[in-house]
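Below: the structure, in structure tokens.
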Amino acid sequence: MRLWLCIALLCTALCASAERPAIVRGIIRAGQFVRDAAGGAKDMYRAYKDMREANYKGADKYFHARGNYEAARRGPGGAWAARVISDARETWQSGVSGRGAEDTRADQEANAWGRRGGDPNRYRPKGLPSKY
């Protein structure tokens, strides 16, 4: 019994220090991408929820930038999720809300600013509660 335990521990130690095959590394990277994307979607939702809760006039650009910034900080998956969600939202809103092309362009600029790592506070309106 002790011999098998020693062999199992030795195998575990050798496998842990060995170079992983390329397919395993690819699966691990894909898993990280998916995890980042899910986290990025969660960040985008949290920013949207905060925007709805704050209900503060002129703060939408700040929340767009903040959601994209937080999502992109997670990694390539988070940046991808932020881009997909932002583009889908702006495409839908431009056809429904009637706010106009100028507002859509400004929203997209705030989205891109956040995804590039720019400080979302650039778009923060004066008087927005510090909770956000």
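The values are calculated or read from the model by the stated rules, or taken from the named source; none is laboratory data. Note that this is a predicted model, so its numbers are computed, not measured. Glycine also receives a Cβ, built like all others from the backbone with ideal geometry; neighbour counts cover every protein chain displayed. When the accessible area is computed, the model is the full protein with side chains, heavy atoms only, and any ligands, DNA or RNA have been set aside. Shrake-Rupley method; radii C 1.70, N 1.55, O 1.52, S 1.80 Å.
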- [ ] Quick one: order D119, D50 from most to least accessible surface, probe 1.4 Å.
- [x] D119, D50
Open item on the list: If I take R0 = 35 Å and measure r between the Cβ atoms of A22 and R116 in this structure, what FRET efficiency does the formula 1/(1 + (r/R0)^6) give, to the nearest 0.05?
Closed with: 0.65
Open item on the list: Output wanted: per-residue J couplings in Hz (rounded whole) for segment 99-106, from phi through Karplus 6.51 cos²θ - 1.76 cosθ + 1.60, θ = phi - 60°, x for Gly and Pro.
Closed with: 6, x, 5, 5, 5, 4, 5, 5
- [ ] Treat each spin label as a single point 7 Å out from the Cα along the C-beta direction, and report the T91 to N55 distance in nm.
- [x] 3.2
Open item on the list: Could you identify which residue out of A79, A88, A38 has the top mean-square fluctuation in a GNM of the chain using Cα springs shorter than 10 Å?
Closed with: A88
Task: Within the accessible area of segment 16-132 (1.4 Å probe), percent carbon and sulfur - done: 56
Task: Extension gain from Y48 to R29, taking 0.36 nm per residue of separation minus the Cα-Cα distance - done: 4.0 nm
Task: Cα-centre dipole for segment 12-132 with unit charges at Cβ (Lys and Arg positive, Asp and Glu negative), debye to 20 - done: 260
- [ ] Can you tell me which of 102-112, 62-72, 20-30 comes out highest on packing, and rank the rest after it, using the mean Cβ neighbours within 10 Å?
- [x] 62-72, 102-112, 20-30
Open item on the list: Can you tell me, using C-alpha contacts under 8 Å and at least 6 residues apart, the relative contact order of the chain as a whole percent?
Closed with: 28
TODO: Return the label of the correct value of Rg/Rh (Cα atoms, Kirkwood Rh), as calculated from the structure shown, out of (i) 1.27; (ii) 0.92; (iii) 1.14.
DONE: (i)
